[in-house]
Amino acid sequence: MATPVYFYGADIFHRRTIKELYSLWRRNSPVPVLRRFYRFGSMDMLLSFGTTIAYVSSIVDLIIEPTSAGLATTARNSTYFDSVVFLTMFLLMGRLIEAYSKGKTGKAETILISRFVGQKAVSTTIIPTDLVDTGDVVRVVHGGSPPFDGILLEGDGVQFDESGLTGESRPVKKAVGDTIYAGTVNNGGPVSMQVTGASGHSLLDQIIDAVQEGRARRAPIETVANILTSLFVPVVTLIAVATWLIWLLLGVSSALPTGYLDVAVGGWPFWSLQFTIAVFVIACPCGIGLAAPTALFVGGGLVAKHGIFVKGGGEAFQEASGLDIIVRILYVVYN
């Protein structure tokens, strides 16, 4: 059971670890040689190291055990196949919960954007907005939304709800010649408009592009988390190796009672591995590298449910965390 779990279930962690190590130690790597020893790795690498040590040592134990004779009947089996299975299972469950949370909250922005996707009515024919071009005349019915930005041709005094775009709760009265925006809602009768900006050129598209660009900006706390992770992995690896050496030296030097040696085969080296594996098991579920990006992503989804787009990504969220008072904005000016 542990074999398919190790090679299939934990495959994603092993492949990422191999890529990280190759990128770190490949020829012409930009990373200085000394730095490669004290700043490297990720949480995936910790899991890969822990499961690999547990799996390989267990396989070796199975190979050695049949050739060993005169084993004490009280000796316990020194395989760690259960550690491979349960460690992989718990880590994959954590990733599943993380992906579910991101997917559930991430849909909010998609739903908010999809509200502004419309169709163009030509006489009695409805056509996709992809076929609309600059200069076309579009009919916007009551409760409808302009597919793109344009100029009002008829319907003087009609009111448009721009709350989904600017946050203004009061309807805005429009006159012939005024600009009406994609993403707003016609609260009056049917009107005609001439498209001035096709797909990708409307004010809504510019806002969405700004939000998507801002999402790529990492918050300072994410940068700190990445630095801590790159330092955390080497430290954990060093502690794991040191733990194994210390227990091994204590065992072979007879500093420990012989009753401690309760493994069937392998002697003190195999007995000491249990402490090394324990170090990796404790360190692997660490949320240093997951907490910050997950919190920011979920936060973006929550504000999107209230019709709010965040420009600036994680940096904007971190700056907003220091706000004590939020005032109502009466006017929004776009540059």
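The values are calculated or read from the model by the stated rules, or taken from the named source; none is laboratory data. Just so we're clear, the structure is a prediction, and the values are computed from it rather than from any experiment. With ideal geometry, Cβ positions are generated from the backbone for all residues, glycine too; neighbour counts draw on all protein chains shown.
Thr223: at pLDDT 85 or above and under 29 Å from Val303 (Cβ atoms), yes or no? For Thr223, the condition - at pLDDT 85 or above and under 29 Å from Val303 (Cβ atoms) - is not met. With respect to being surrounded by 17 or more Cβ atoms within 10 Å (Cβ to Cβ) and either of a type in the set (Phe, Trp, Tyr) or at pLDDT below 70 (or both), Thr105 fits the description. When Val211 is tested against (1) more than 24 Å from Leu46 (Cα to Cα); (2) surrounded by 12 or more Cβ atoms within 10 Å (Cβ to Cβ); (3) modelled with pLDDT of 75 or more, just one condition goes unmet, and that condition is (3). Taking every residue in region 128-140 that is more than 19 Å from Gln159 (Cα to Cα) and part of a loop (DSSP other than H, G, I, E, B) and pairing it with any residue that is of a type in the set (Ser, Thr, Tyr) and modelled with pLDDT of 80 or more, at least 6 positions away or on another chain, the pairs with Cβ-Cβ distances below 8 Å are Thr134/Thr196.
For region 141-161, the set of residues classified as touching a residue at least 40 places away in the same chain (Cβ under 8 Å) and either surrounded by 17 or more Cβ atoms within 10 Å (Cβ to Cβ) or part of a loop (DSSP other than H, G, I, E, B) (or both) consists of Val141, His142, Gly143, Gly144, Ser145, Pro146, Pro147, Phe148, Asp149, Gly150, Leu152, listed by residue number. Can you tell me which residues in region 146-196 are at pLDDT below 80 and over 34 Å from the mean Cα position of the chain (by Cα)? Residues satisfying the conditions are Gly155, Asp156. If you go through region 235-269 and keep only what is among the aliphatic types (A, V, I, L, M), outside any strand (DSSP E or B) and buried (at least 18 other Cβ atoms within 10 Å of the Cβ), you end up with Val236, Ala240, Leu248, Ala264, Val265. Here Val281 meets each of (1) touching a residue at least 24 places away in the same chain (Cβ under 8 Å); (2) over 21 Å from Ser48 (Cβ atoms); (3) surrounded by 14 or more Cβ atoms within 10 Å (Cβ to Cβ) with one exception, condition (2). Yes or no: Phe232 buried (at least 19 other Cβ atoms within 10 Å of the Cβ), closer than 22 Å to Val84 by Cα and modelled with pLDDT of 80 or more? Yes; evaluated as a whole, the condition is true for this residue. Counting only helices (runs of 4 or more DSSP H) that sit completely within region 1-77, those holding 1 or more residues that are at pLDDT below 85, surrounded by fewer than 14 Cβ atoms within 10 Å (Cβ to Cβ) and of a type in the set (Lys, Arg) correspond to 35-38.
Within region 255-279, the only residue that satisfies the criterion of being among the polar types (S, T, N, Q) and more than 44 Å from the chain's Cα centre (by Cα) is Thr258.
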